[in-house]
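See below for the structure under consideration.
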Amino acid sequence: MPDKTKQPRRKSKSKSDCTTENDRASSLYTKTYQWFDDNNWTLFEFQQKAWDAWHQGESGLIHSPTGSGKTLAAWLGPVQHAAAENVKVSGLNVLWLTPLRALANDTCKQLQQAADKLTADTNVALRVETRTGDTSSSKRAKQKSSPPFALITTPESLSVMLSYADGGKSLSKLHTVVVDEWHELIGSKRGVQTQLCLARLKKLCPQLRIWGVSATLANLDQAMDTLIGHQADGRLIQGVIPKSVVVDSILPQDNQRFRWSGHLGVELVKQAAEVIDGASTSLVFTNTRSQAEIWFKSLLEHKPEWLDSIALHHGSLDKKLRQAIEDRLRTGDIRCVVCTSSLDLGVDFSPVDQVLQIGSPKGVARLLQRAGRSGHQPGAVSRVVCVPTHAFELVEIASVRSALEERRIESRRSPLRCHDVLSQHLVTIALGGGFEEAAMLAEVKTTYAYQSLSNDEWQWVLDFITRGGQALQGYPQYHKVVLSDATYRVKDKTIALRHRMAIGTINSDAQINVVFQRGKRLGTTEENFIARLKPGDIFQFAGKRLELRRVADMTAYVKLASGKKTGAVPRWWGTQMPISTELADSVLRTLVEWKQKTASAPELDCVGSMLELQQQWSVLPGPNDLLIELIQTREGYSMFCYPFAGRLAHEGLAMLVANRLSAKYPLTVTLQINDYGFELQCAEPIDVCEDNLKELFTADNLVEDILTSVNSGEIARRQFRDIARIAGLVFQGYPGSSKTTRQVQASSGLIFDVLEKYDSGNLLVDQARREVLEQQLEIQRLKQCLLSIKQRKWHICTPERLTPLAFPLWAESVQSQTYSSEKFQTRVERMLGTLEKAAAESLD
Amino acid sequence: MKDLEIICQSQELKLHPDKVAYWPAAKTLLVADVHAGKEHILGRAGISIPAGISEDTLDHLFALVDHYCAERLLILGDFTHGYHTRDEAWIKHFYDHLAQHDQLNVQIVAGNHDKHTAKRLLDKDVVWIPDCLVEPPFVFTHIPKPDERGYVIAGHLHPAYVIQNNSKEKLQAPVFWFQQSMGVLPAFGHFTGAGKIQPETTDRLFITGPDCVIDISGVTASLR
């Protein structure tokens, strides 16, 4: 990153230390050293190592914090090679994969600038271009006839390239692929898609070098294997030691009794505004898009004079709006941007000198990454100010600080054997010239994600893409992929067109465009949010108060609202991230240290009285305790349990316990979960003795029992949404023709029900269950949790009122789930009974 | 399986948990929103939905005809899902059922989904009613809107209701929804989805469970 202010002078010894003995090699570096010297940049040892490894034809993974020059470490090898005198450059040599389309243009400028410097005074000109979903077809055609030296693209666009029959030809000169921000991709299905594409590229170009660039993860070796293939050798290159991060927090005023529950945190807006005022440019990260909208509104209400210097940035806003904000961030012409993970990644916004995190940081690595968005000035530290949304989050903040100090950072792992992604990829390759079965299977199995793919699974996927699987035998007209002369190909043009449009694994639901009546587009929101509004209703979107005028053809026409009336804030579908194991463990450790008076943090002092109450009324759990509280409330009888294993594992655990409980006798249980524990609420008291409870929490029969609960719950249907879309089971329609395609849109939930009933062997349904187990419920974590619970000391308390730990669970009412083994009639009558009773009471 | 007898406009109606209503005075089985052939529309678009769903739905429908010994089957719109071709298996299946019920009078009110081909495909043995059928005290139609000629019985909305009491428990199921001037039947098709309704306190509401229909009209009143 040629930012002159960023890097201090190169240490003189590094050149002689690191250069290989080889003369040719050293001559390769002459221009690079010159360029670094001219700019007074430090040449880091890891950069030299990366270049050396590249010139020796190796693949590998470079990990280093943002802003440390890892881009140059990955990029200059190929450039040095091309700039050497005896090399003739032709065709496309380098593919640069970026997880975010929005990053492509900035990265392109950066790479082009470096290439120009190193090729100055030579007759080589290296062109760097981008190719994403936004690239025009004429530009693409030009890229085909006269390919650039390097192309910056996304995993999805790479898939689309592979789906053209001549894709292989245009990639024949490729010698290097660089995957940027690999830590962002690895844990997702886009990462799996990347693995499959890379396996394809290796087949097309056997000499291919694959390099990844990643932030720090706990499982770097595995991350590298996932990138370059599990059978290949690679070089892991450790970058510079990360700059230090300071974690601060906004503490509620002494006299203010801070809320025990909540997730907005806007009561601290005044103090947050002061913090923002104290720096020239701040990024305010929130955990959800609605939270971002609400914080933006609150900040503006508090400081109306900031109208022109504060902005909102999240994934549902129109691209042009976001682009404009990013440009202002780059120039520093903005005081504050309220954003979501939409700004987690990306080129450095150097002017940002402070980051605020609203609500739980959820994970150590995540906070580290967000903090890293600030402090690019020389000698600066990254500073992040955490804003708690409820009292217990203060403990989390203190814990994340100590986890950071001890460098306990999370791992990220690739999902395994995703049949949906494989189905999509096989259709892609069948389009791009076709494939032969044995060779393709061997290729797929070189990837980390599919190394354990069984032959049966492979046959099922082949069957699915050729005949639609078991399900589609009744439809002679349905043949996505056709086998002829031992090669699988796509022949139908409509299928080809539709498939290319559907490539991609990022989930998106039916979205409604939000547009001003005069035509300016603001972004998108989910259909069911708009469906609840009537024309004339006010809602908050894109940081504006809008009045709905009318809805037509998947577009909501709006105007700026007049008057003072406030409106609803849309809620976007999306699962909330769980707190990481590392952070949850750290929270428990912090609690013990607080009890032993060995922990000291301003946040803990602030919540001291609340922790004391918890201790007085019940127990303050540590890593070796399991606390269960049985509390009677107006709504019924509740069991609160706090394993501190993160919301996903808690969901599984709550489902498991609810299911085992309802198998014993007919009852209806309502579940509520958060990152610390879960609540089961019943109309009748729950059987309480320790032996009974231990039976409910046993790890025996875990998988069977949890599958039963998954089947009776909504959760597998929820997970199926993504799978159905990726595998092409739901069709999102062509852009601009949403109305006419409505008839072929069935909700994935309905499809799930139908497949379950009529096609019981469907592997996609199976995959939905498996994903529920592995990703949604984190079954491994759940199992460990159950085993560790067994070893812990059990505290079964019956507090007279809701404790500080119980209160947030009790107060939360969204996303609760119900399990019932009661007869429908009994249940309806009981519910009506309580409603009537409540109505009668309210009349008194 | 137990149906629930209600009185509507002085007429007895039997509401069945399988989402049909029987009108004994006219020996008529009322059903709405069958959406037969939906899987073919999706299948043609390359979306892999198992075949045979519509056949099951139709089997189920005629079993209910037999159960009530109905002499007339009145379908309140959206019998089909879209543009269908004659080779789709459910069409033959439908005619097989008609052949076995040769005394049955089948009338279909055209729904918004039927406009493409339904009439073209199902001309023989089926009476098509383009707009609505007036049979005092009722007006049978597809899209519910008040009609001065009588009490409207319609479909189209796929009504479902969520019961929520003061704890966090929620229960959603399809409902028969009888308003002041019109009644809406739940959707019959297996593969159709639901629309949540917000009834008025004066509405009558009957929720369908796996084996019973329950009058929950009180729920709307106690929520106020």
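Around the amide H of B:C212, modelled in the peptide plane, lie the amide H atoms of B:K2, all under 5 Å away and 5 or more residues distant in sequence or on another chain. Excluding same-chain neighbours fewer than eight residues apart, the aspartates and glutamates reachable from A:K597 by a Cα-Cα span under 20 Å are A:E393, A:E396, A:E405, A:E406, A:D585, A:D605, A:E612, A:D625. Sorting B:I143, B:I7, A:I686 on solvent-accessible area from highest to lowest, probe radius 1.4 Å, gives B:I7, B:I143, A:I686. When chain B is treated as a GNM with alpha-carbon contacts under 10 Å, the residue of B:D18, B:D59, B:D78 showing the greatest mean-square fluctuation is B:D59.
Is there a pair in A:K144/A:K319; A:K139/A:K169; A:K595/A:K793; A:K144/A:K480 whose C-alpha atoms are over 22 Å apart, and which pairs would that be? Violating the 22 Å limit, Cα to Cα: A:K144/A:K319; A:K144/A:K480.
Can you pull out the GluC sites (Glu not before Pro) in region B:1-74 that DSSP calls coil and that have at most 16 other Cβ atoms within 10 Å? Show your work: numbers first, answer last.
Details: sites: B:E5, B:E12, B:E39, B:E55, B:E71; in loops: B:E71.
Listed in order of number, the matching sites are B:E71.
Annotation: amide H-H contacts under 5 Å for A:V514 (H modelled 1.01 Å from N, sequence separation of 5 or more, or interchain): A:L522, A:G523, A:T524, A:T525, A:A556. For the residue pairs A:K362/A:K783; A:K70/A:K445; A:K109/A:K493; A:K837/B:K196, the C-alpha atoms sit more than 27 angstrom apart in A:K70/A:K445; A:K109/A:K493. Amide H to amide H distances under 5 Å link A:Y448 with A:G229, A:H230, where only residues 5 or more positions off or on other chains count and H is placed in the peptide plane. With each label modelled as a point 7 angstrom along the Cα→C-beta vector, the A:R127-B:D87 pair spans 4.8 nm.
What is region B:142-224 by shape, rounded, prolate or oblate, if you read a ≥ b ≥ c off the alpha carbon gyration tensor as root eigenvalues and call it rounded for a/c under 1.5, prolate for a/b larger than b/c, and oblate otherwise?
oblate
Placing a pseudo-label 7 Å from each Cα along the Cα-to-Cβ vector at A:Y33 and A:R801 gives an inter-label distance of 7.4 nm. B:M1 contributes about 140 Å² of solvent-accessible surface, heavy atoms of the protein only, 1.4 Å probe. Only protein heavy atoms count here; under a 1.4 Å probe, A:K173 has an accessible surface of about 110 Å². Build a GNM of chain B with springs between Cα atoms under 10 Å apart, and of B:Q179, B:Q198, B:Q107 the one that fluctuates most is B:Q198. Converting phi to 3J(HN,Hα) with the Karplus coefficients 6.51, -1.76 and 1.60 and the offset θ = phi - 60°, region A:788-802 yields 6, 4, 4, 7, 6, 7, 8, 10, 9, 10, 10, x, 7, 9, 5 Hz in sequence order, with x at every glycine or proline. Each of A:K109, B:K27 has its accessible area taken with a 1.4 Å probe; listed largest first, they run A:K109, B:K27.
For helix B:89-100, what angle does its Cα long axis make with the longest principal axis of chain B, in degrees from 0 to 90 and rounded to 10? For helix B:89-100, the angle is close to 80 degrees.
Calculated FRET efficiency, A:S600 and A:D700, Cβ-Cβ r, R0 30 Å, to nearest 0.05?
Details: r = 43 Å, r/R0 = 1.42.
Computed FRET efficiency for A:S600 and A:D700: 0.10.
Within the same chain, lysines fewer than 8 places from B:K115 are excluded, and of the rest, those with a Cα less than 24 Å from its Cα are A:K739, B:K19, B:K38, B:K92, B:K124, B:K145. The label-point distance for B:D59 and A:K270, in a model that sets each label 7 Å from Cα toward Cβ, rounds to 7.0 nm.
In terms of solvent-accessible area of protein heavy atoms at a 1.4 angstrom probe, what is the ranking of A:W810, B:W177, highest value first? Can you show the working numbers first?
Numbers: A:W810 80, B:W177 25 Å².
Output order, biggest surface exposure first: A:W810, B:W177.
Given a 1.4 Å probe and the protein chains as shown, B:Y68 ends up with an accessible area of around 30 Å².
I'd like the distance separating the alpha-carbon centroids of region A:315-344 and region A:197-215, in whole Å. Each part reduced to its Cα centre gives a spacing of 32 Å. With just the Cα atoms defining each centre, how far is region B:186-206 from region A:104-150? Give it in Å. A separation of 58 Å, based on Cα centres.
Do the alpha carbons of any pairs in A:K320/A:K520; A:K757/A:K823; B:K2/B:K27 sit beyond 20 Å of each other, and which pairs? Table pairs above 20 Å Cα-Cα are A:K757/A:K823.
Could you tell me which of rounded, prolate or oblate describes region A:420-502, using a ≥ b ≥ c as the square roots of the eigenvalues of the alpha-carbon gyration tensor, with rounded for a/c under 1.5 and, failing that, prolate when a/b is larger than b/c and oblate otherwise? Prolate.
Applying a DSSP loop filter and a limit of 11 other Cβ atoms within 10 Å to the trypsin sites (Lys or Arg not before Pro) in region B:62-142 leaves B:R86, B:K124.
The calculated FRET efficiency for the pair A:V482 and B:N112, based on their C-beta separation and a Förster distance of 30 Å, comes to about 0.25. For region A:390-403, backbone phi angles converted through the Karplus equation (6.51, -1.76, 1.60; θ = phi - 60°) give residue-by-residue couplings of 8, 4, 5, 5, 5, 5, 4, 5, 4, 6, 5, 5, 6, 5 Hz, Gly and Pro being listed as x. Bridgeable lysines around A:K303 (alpha carbons under 16 Å apart, same-chain partners fewer than 8 residues away excluded): A:K270, A:K544.
The values are calculated or read from the model by the stated rules, or taken from the named source; none is laboratory data. Quick caveat: nothing in here was measured; it's all calculated off a predicted structure. Please note: Cβ atoms are built from the backbone with ideal geometry, for glycine as well, and neighbour counts cover all protein chains shown. Each accessible area value is taken on the protein alone, full model and side chains, heavy atoms only, with ligands, DNA and RNA left out. Shrake-Rupley method; radii C 1.70, N 1.55, O 1.52, S 1.80 Å.
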